[in-house]
Amino acid sequence: MKKRVLFLTQNSYYFVHRYFIDIFECQNSDIVLVSENKRGIKTKYIEIINYFGLFNFIKCIFYEIFFIFIFRNRMKKLKLFNIKDNHLNKFLEEKAKSKDYEIIISIGCPCLINPKLQSFIPVYNLHGGLIPFQRGRYSPLKSMIKGHKYLGATLHLIDDKYDLGEIISQDYFDVEFNDKLLNYNQVLNLSSQLLMSFFNNEFSKLPNEIRDYFENLS
(Lines give C-alpha, C1' and ligand atoms only; values in the text may rest on other atoms or scores of the structure.)
Protein backbone atom coordinates (compact mmCIF):
# COMPACT_ATOMS: atom_id res chain seq x y z
CA MET A 1 0.00 0.00 0.00
CA LYS A 2 1.51 3.29 -1.06
CA LYS A 3 1.33 6.08 1.51
CA ARG A 4 2.61 9.61 1.78
CA VAL A 5 5.29 9.01 4.41
CA LEU A 6 7.81 11.15 6.26
CA PHE A 7 10.71 8.94 7.36
CA LEU A 8 13.06 9.97 10.18
CA THR A 9 16.47 8.33 10.27
CA GLN A 10 20.22 8.87 10.33
CA ASN A 11 22.52 9.32 7.37
CA SER A 12 24.24 5.94 7.43
CA TYR A 13 24.64 4.07 4.16
CA TYR A 14 25.81 0.90 5.88
CA PHE A 15 23.31 0.68 8.73
CA VAL A 16 20.27 2.39 7.16
CA HIS A 17 20.17 3.17 3.46
CA ARG A 18 21.21 -0.23 2.12
CA TYR A 19 18.32 -1.88 4.01
CA PHE A 20 15.63 0.75 3.54
CA ILE A 21 16.31 2.53 0.25
CA ASP A 22 13.93 0.22 -1.64
CA ILE A 23 11.18 1.20 0.80
CA PHE A 24 12.07 4.89 0.53
CA GLU A 25 11.79 4.65 -3.24
CA CYS A 26 8.58 2.62 -3.46
CA GLN A 27 6.68 4.81 -1.01
CA ASN A 28 5.62 8.36 -1.81
CA SER A 29 8.05 9.58 0.81
CA ASP A 30 10.41 12.26 2.05
CA ILE A 31 13.33 11.47 4.35
CA VAL A 32 14.57 13.49 7.31
CA LEU A 33 18.23 12.83 8.12
CA VAL A 34 18.65 13.69 11.81
CA SER A 35 22.08 14.72 13.08
CA GLU A 36 22.96 14.40 16.75
CA ASN A 37 23.78 17.92 17.87
CA LYS A 38 23.10 17.35 21.58
CA ARG A 39 25.28 14.27 22.07
CA GLY A 40 27.86 15.24 19.49
CA ILE A 41 29.67 13.06 17.00
CA LYS A 42 32.52 12.27 19.43
CA THR A 43 30.16 10.76 22.01
CA LYS A 44 28.40 8.80 19.28
CA TYR A 45 31.65 7.26 18.01
CA ILE A 46 32.78 6.40 21.55
CA GLU A 47 29.47 4.58 22.10
CA ILE A 48 29.89 2.63 18.86
CA ILE A 49 33.42 1.57 19.85
CA ASN A 50 32.25 0.59 23.35
CA TYR A 51 29.40 -1.58 22.04
CA PHE A 52 30.86 -2.99 18.83
CA GLY A 53 34.56 -2.99 19.66
CA LEU A 54 37.37 -1.13 17.91
CA PHE A 55 37.86 -3.75 15.18
CA ASN A 56 34.16 -3.72 14.22
CA PHE A 57 34.19 0.09 14.33
CA ILE A 58 37.00 0.16 11.77
CA LYS A 59 35.12 -2.39 9.63
CA CYS A 60 32.01 -0.19 9.78
CA ILE A 61 33.98 2.78 8.45
CA PHE A 62 35.14 0.80 5.42
CA TYR A 63 31.66 -0.65 4.85
CA GLU A 64 30.16 2.85 5.09
CA ILE A 65 32.50 4.14 2.38
CA PHE A 66 31.75 1.09 0.22
CA PHE A 67 27.98 1.54 0.40
CA ILE A 68 28.20 5.28 -0.18
CA PHE A 69 29.56 4.50 -3.65
CA ILE A 70 26.77 1.98 -4.26
CA PHE A 71 23.76 3.99 -3.08
CA ARG A 72 24.63 7.70 -3.17
CA ASN A 73 23.17 8.31 -6.63
CA ARG A 74 19.87 6.69 -5.63
CA MET A 75 19.78 8.70 -2.40
CA LYS A 76 20.31 11.93 -4.35
CA LYS A 77 17.05 11.28 -6.20
CA LEU A 78 15.06 11.27 -2.97
CA LYS A 79 13.72 14.36 -1.24
CA LEU A 80 15.94 14.79 1.82
CA PHE A 81 15.83 17.15 4.79
CA ASN A 82 18.88 17.55 7.04
CA ILE A 83 17.72 18.50 10.53
CA LYS A 84 19.57 18.73 13.86
CA ASP A 85 18.02 16.80 16.73
CA ASN A 86 17.30 19.93 18.80
CA HIS A 87 15.25 21.34 15.91
CA LEU A 88 13.46 18.14 14.96
CA ASN A 89 10.23 18.38 16.95
CA LYS A 90 9.51 21.92 15.79
CA PHE A 91 10.11 20.79 12.20
CA LEU A 92 7.83 17.77 12.67
CA GLU A 93 5.05 19.86 14.18
CA GLU A 94 5.07 22.11 11.12
CA LYS A 95 5.01 19.11 8.78
CA ALA A 96 2.27 17.35 10.76
CA LYS A 97 0.03 20.42 10.71
CA SER A 98 0.61 20.88 6.98
CA LYS A 99 -1.29 17.63 6.25
CA ASP A 100 1.32 16.77 3.59
CA TYR A 101 1.86 13.29 5.02
CA GLU A 102 -0.31 10.40 6.16
CA ILE A 103 2.17 8.94 8.65
CA ILE A 104 5.60 9.55 10.19
CA ILE A 105 7.96 6.61 10.69
CA SER A 106 11.16 6.77 12.72
CA ILE A 107 13.97 4.38 11.79
CA GLY A 108 16.71 4.77 14.36
CA CYS A 109 15.92 8.43 15.06
CA PRO A 110 18.48 9.46 17.71
CA CYS A 111 16.18 11.64 19.83
CA LEU A 112 12.81 11.53 21.59
CA ILE A 113 9.90 12.54 19.37
CA ASN A 114 7.19 14.66 20.95
CA PRO A 115 4.23 12.28 21.54
CA LYS A 116 1.80 15.21 21.16
CA LEU A 117 2.36 14.90 17.42
CA GLN A 118 0.01 11.89 17.57
CA SER A 119 -2.91 14.34 17.78
CA PHE A 120 -2.09 15.47 14.24
CA ILE A 121 -0.67 12.37 12.56
CA PRO A 122 0.18 8.72 13.41
CA VAL A 123 3.84 8.47 14.41
CA TYR A 124 5.53 5.06 14.41
CA ASN A 125 8.93 3.91 15.57
CA LEU A 126 10.76 0.96 14.02
CA HIS A 127 12.85 -0.36 16.88
CA GLY A 128 15.67 -2.88 16.59
CA GLY A 129 14.59 -4.95 19.57
CA LEU A 130 11.72 -6.93 21.05
CA ILE A 131 9.90 -4.47 23.29
CA PRO A 132 9.14 -4.28 26.11
CA PHE A 133 12.04 -6.66 26.80
CA GLN A 134 14.76 -5.01 24.68
CA ARG A 135 14.65 -1.21 24.79
CA GLY A 136 17.00 1.70 24.18
CA ARG A 137 20.02 2.37 22.00
CA TYR A 138 21.98 -0.59 20.69
CA SER A 139 19.46 -2.96 22.26
CA PRO A 140 20.58 -5.96 20.13
CA LEU A 141 24.12 -5.64 21.55
CA LYS A 142 22.89 -5.07 25.10
CA SER A 143 20.68 -8.14 24.72
CA MET A 144 23.62 -10.24 23.53
CA ILE A 145 25.60 -9.16 26.60
CA LYS A 146 22.66 -10.33 28.74
CA GLY A 147 22.69 -13.66 26.93
CA HIS A 148 19.27 -13.36 25.29
CA LYS A 149 18.46 -16.26 22.98
CA TYR A 150 16.31 -14.14 20.67
CA LEU A 151 16.68 -10.83 18.86
CA GLY A 152 14.23 -9.07 16.61
CA ALA A 153 12.40 -5.91 15.60
CA THR A 154 9.27 -4.05 16.66
CA LEU A 155 7.07 -1.49 14.94
CA HIS A 156 5.17 0.54 17.51
CA LEU A 157 3.43 3.85 18.01
CA ILE A 158 5.57 6.39 19.85
CA ASP A 159 4.95 7.16 23.49
CA ASP A 160 6.25 9.69 26.01
CA LYS A 161 8.96 7.15 26.90
CA TYR A 162 11.46 5.37 24.70
CA ASP A 163 10.17 2.15 23.14
CA LEU A 164 7.01 1.68 25.19
CA GLY A 165 4.23 2.59 22.76
CA GLU A 166 1.48 0.34 21.43
CA ILE A 167 3.00 -2.57 19.51
CA ILE A 168 1.84 -2.85 15.89
CA SER A 169 4.01 -5.71 14.65
CA GLN A 170 7.01 -7.78 15.79
CA ASP A 171 9.27 -10.50 14.48
CA TYR A 172 12.28 -12.35 15.86
CA PHE A 173 15.12 -14.78 15.13
CA ASP A 174 17.24 -17.18 17.18
CA VAL A 175 20.75 -15.98 18.07
CA GLU A 176 23.04 -18.58 16.53
CA PHE A 177 26.38 -16.77 16.45
CA ASN A 178 28.21 -14.58 18.95
CA ASP A 179 29.07 -12.01 16.28
CA LYS A 180 27.95 -8.49 17.19
CA LEU A 181 28.05 -7.02 13.71
CA LEU A 182 26.40 -10.04 12.08
CA ASN A 183 23.51 -10.06 14.57
CA TYR A 184 23.08 -6.30 14.41
CA ASN A 185 22.77 -6.43 10.65
CA GLN A 186 20.36 -9.34 10.88
CA VAL A 187 18.17 -7.17 13.13
CA LEU A 188 18.27 -4.38 10.54
CA ASN A 189 17.39 -6.78 7.74
CA LEU A 190 14.46 -8.13 9.74
CA SER A 191 13.39 -4.55 10.52
CA SER A 192 13.19 -3.69 6.83
CA GLN A 193 11.12 -6.82 6.17
CA LEU A 194 8.79 -5.93 9.04
CA LEU A 195 8.30 -2.44 7.64
CA MET A 196 7.63 -3.69 4.13
CA SER A 197 5.05 -6.11 5.53
CA PHE A 198 3.39 -3.21 7.35
CA PHE A 199 2.96 -1.32 4.08
CA ASN A 200 1.40 -4.49 2.63
CA ASN A 201 -1.05 -4.64 5.58
CA GLU A 202 0.68 -7.74 6.97
CA PHE A 203 1.34 -7.92 10.72
CA SER A 204 2.97 -10.43 13.05
CA LYS A 205 3.29 -10.92 16.80
CA LEU A 206 5.60 -12.84 19.08
CA PRO A 207 4.62 -16.43 19.82
CA ASN A 208 3.59 -17.05 23.42
CA GLU A 209 6.65 -19.20 24.07
CA ILE A 210 8.97 -16.29 23.14
CA ARG A 211 7.12 -13.90 25.44
CA ASP A 212 7.21 -16.53 28.19
CA TYR A 213 10.97 -16.86 27.73
CA PHE A 214 11.55 -13.15 28.35
CA GLU A 215 9.02 -12.90 31.18
CA ASN A 216 10.75 -15.78 32.94
CA LEU A 217 14.07 -13.92 32.76
CA SER A 218 12.79 -11.15 35.02
ask   = Which value, in Å² rounded to 10, gives the accessible area of His156 with a 1.4 Å probe and all protein chains present?
value = 0
ask   = At a Förster distance of 25 Å, what's the computed FRET efficiency of Asn73 paired with Phe199, Cβ-Cβ distance as r, to 0.05?
value = 0.55
message = So if each residue of separation counts as 0.36 nm, and I subtract the Cα-Cα distance between Tyr45 and Asn216, what length gain in nm does that give?
response = 58.1 nm
query = Which loop-located trypsin sites (Lys or Arg not before Pro) does region 92-171 contain, where loop means any DSSP state but H, G, I, E or B and the Cβ has at most 11 other Cβ atoms within 10 Å?
reply = Lys99, Lys146, Lys161
note = Of Leu33, Leu194, Leu54, the most mobile residue in a GNM of the chain (C-alpha springs, cutoff 10 Å) is Leu54
key: Sparse-neighbour loop sites [GluC sites (Glu not before Pro); region 27-93; at most 16 other C-beta within 10 Å; DSSP]   = Glu36
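Taking only protein heavy atoms into account and a 1.4 Å probe, give the accessible area per residue of the chain in Å².
I get 52 Å² per residue for the chain.
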request  = Answer rounded, prolate or oblate for region 61-183, using the Cα gyration tensor with square roots of eigenvalues a ≥ b ≥ c: rounded when a/c is under 1.5, else prolate when a/b is larger than b/c, else oblate.
outcome  = oblate
remark   = So the carbon and sulfur contribution to the accessible area of the chain, 1.4 Å probe, in percent, is 52
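What dipole magnitude, in Debye to the nearest 20, does region 77-218 give about its Cα centre under +1 on Lys/Arg Cβ and -1 on Asp/Glu Cβ? The partial results should precede the final answer.
Numbers: 17 positive and 17 negative charges, 118 e Å.
Roughly 560 debye for region 77-218.
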ask   = With springs only between Cα atoms under 10 Å, which of Glu102, Glu25, Glu176 fluctuates most in a Gaussian network model of the chain?
value = Glu176
query = If contacts are Cα pairs under 8 angstrom and at least 6 residues apart, what is the relative contact order of the chain in percent?
reply = 20
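I'd like the projected area of the chain, averaged over all directions, using the convex hull of its alpha carbons. Report it in nm² with one decimal. If you can, show how the numbers build up before the last one.
Details: hull surface 47.2 nm².
Seen from a random direction, the Cα hull of the chain projects 11.8 nm² on average.
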message = At 0.36 nm per residue, and after removing the present C-alpha to C-alpha distance, how many nm does the segment from Ser119 to Glu94 gain when stretched out fully?
response = 7.7 nm
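The values are calculated or read from the model by the stated rules, or taken from the named source; none is laboratory data. Since we're looking at a predicted model, the values are computed, not measured. Using ideal geometry, Cβ is built from the backbone for each residue, glycine included, and neighbour counts are taken over all protein chains shown. Quick note on the areas: whole protein, heavy atoms, side chains included, nothing else; ligands and nucleic acids left out. Shrake-Rupley method; radii C 1.70, N 1.55, O 1.52, S 1.80 Å.
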